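Enquirer: Take a look at the following structure, please.
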Amino acid sequence: MNNFFLNMAYEEAKKSYENDEIPVGCVIVKDNKIIASAHNCKESSKNSIMHAELLAVDRACKAVGDWRLDDCEIYTTLEPCMMCMGAIIESRIRTIYYGTICKNERMFDINKLNNRKIDIINLSDKRCSDILSDFFKNKRKN
């Protein structure tokens, strides 16, 4: 089932790519059903906080009618940044699945997160790293 939900996050990442945004996509799942999905739209919105994870958390909260997303899982194509990780922690999501790591730097301190009882699982999906590499390679050409 993990692959299905990561595939859906990847489909969201492709939307970002098509819109010349950093290709990151995200879905939030409750009871094996997607309740929210989003992709990056920082460039088009001209807003630095329009990350896929933040948008998905906002939509999931609206879908369940509460800020607590205790029974939810999040699937994202790229490991969450510190800002997104903060929102995920605050919303009480307990399991984070991501497709690839940020190659430049560790985005969060795993040791500090272990105190929060959050499961963080790298699904190591090559497509997730490939779409990012392709995006930045094309940016450097221009």
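Enquirer: Only one residue in E73, E53, E105 is modelled with pLDDT under 95 and either of a type in the set (D, E) or farther than 23 Å from F4 by Cβ (or both), so which one is that?
Expert: E105
Enquirer: I need the full set of residues from segment 34-50 which are charged (D, E, K, R) and surrounded by 13 or more Cβ atoms within 10 Å (Cβ to Cβ), in order please.
Expert: Those that are charged (D, E, K, R) and surrounded by 13 or more Cβ atoms within 10 Å (Cβ to Cβ): K42, E43.
Enquirer: Still on this model: Do the conditions hold for N3, that is, is it modelled with pLDDT under 95 and under 22 Å from R127 (Cβ atoms)?
Expert: Yes; evaluated as a whole, the condition is true for this residue.
Enquirer: At pLDDT below 90, open to solvent by 70 Å² or more (accessible area, probe 1.4 Å), closer than 23 Å to E11 by Cα and of a type outside the set (F, W, Y): is that true of K126 in this structure?
Expert: no
The values are calculated or read from the model by the stated rules, or taken from the named source; none is laboratory data. Since we're looking at a predicted model, the values are computed, not measured. We place every Cβ from the backbone using ideal geometry, glycine too, and count neighbours over all the protein chains shown. Side chains are part of the model used for accessible areas, which takes the heavy atoms of the whole protein and leaves out ligands, DNA and RNA. Shrake-Rupley method; radii C 1.70, N 1.55, O 1.52, S 1.80 Å.
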